[in-house]
Amino acid sequence: MSTNDQPQIYYVLFHSPGSAWVEGTGFREQPGVIEHARYMMGFQETGHMQLGGPFLDDTGGMMVMRAASQEEAEGFANADPCVKNGLLTVQVKPWMTVFESTK
């Protein structure tokens, strides 16, 4: 990043098991998780999603997204069908990228 560039702000969505999570069942086998995947894919199509996917230890997942504000990112996150039905909980944190690899 050059001295004239402004750091890019992204929003990181951390998904964790919610009250409807079925213990002992992997992330990909959770009832209704396909709705979450479809919802997240919509952000990929609109250009809001930068990176996203489940953690390999089946404890949830995360997504790095572009949004105009914390409020917008939280609105996107809380409208997820799996957050609304309790399968997942979500925490949204703003993230400033200061370092970026050019390789």
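What follows draws every value from the coordinates through simple rules; no lab data is involved. No experiment lies behind these values; they were computed from the predicted model shown. Virtual Cβ from ideal backbone geometry, glycine too; neighbours counted across all protein chains shown.
Across the chain, counting alpha-carbon atoms alone, Rg and Dmax equal 14.9, 50 Å.
The fraction of all Cα pairs in region 54-103 landing in successive 5 Å bins from 0 to the largest distance is 4, 16, 22, 22, 17, 10, 5, 2, 0, given as whole percents.
Expressed in nm to one decimal, what extension gain is obtained for the pair Q8 and F55 from 0.36 nm per residue of sequence separation less their Cα-Cα distance?
On the way: separation 47, 0.36 × 47 = 16.92 nm, distance 2.44 nm.
Additional length available on full extension: 14.5 nm.
Going by how many other Cβ atoms sit within 10 Å of their own, how do M62, M96, M40 line up, fewest first? Don't skip to the end; give the middle numbers.
On the way: M62 18, M96 9, M40 21.
Lowest to highest Cβ neighbour count: M96, M62, M40.
Against the chain, whose longest principal axis comes from its Cα atoms, helix 33-46 is set at around 20 degrees.
For an R0 of 35 angstrom, estimate the FRET efficiency from the Cβ-Cβ distance between R38 and S101 and round to the nearest 0.05.
Details: r = 31 Å, r/R0 = 0.89.
Between R38 and S101 the formula returns 0.65.
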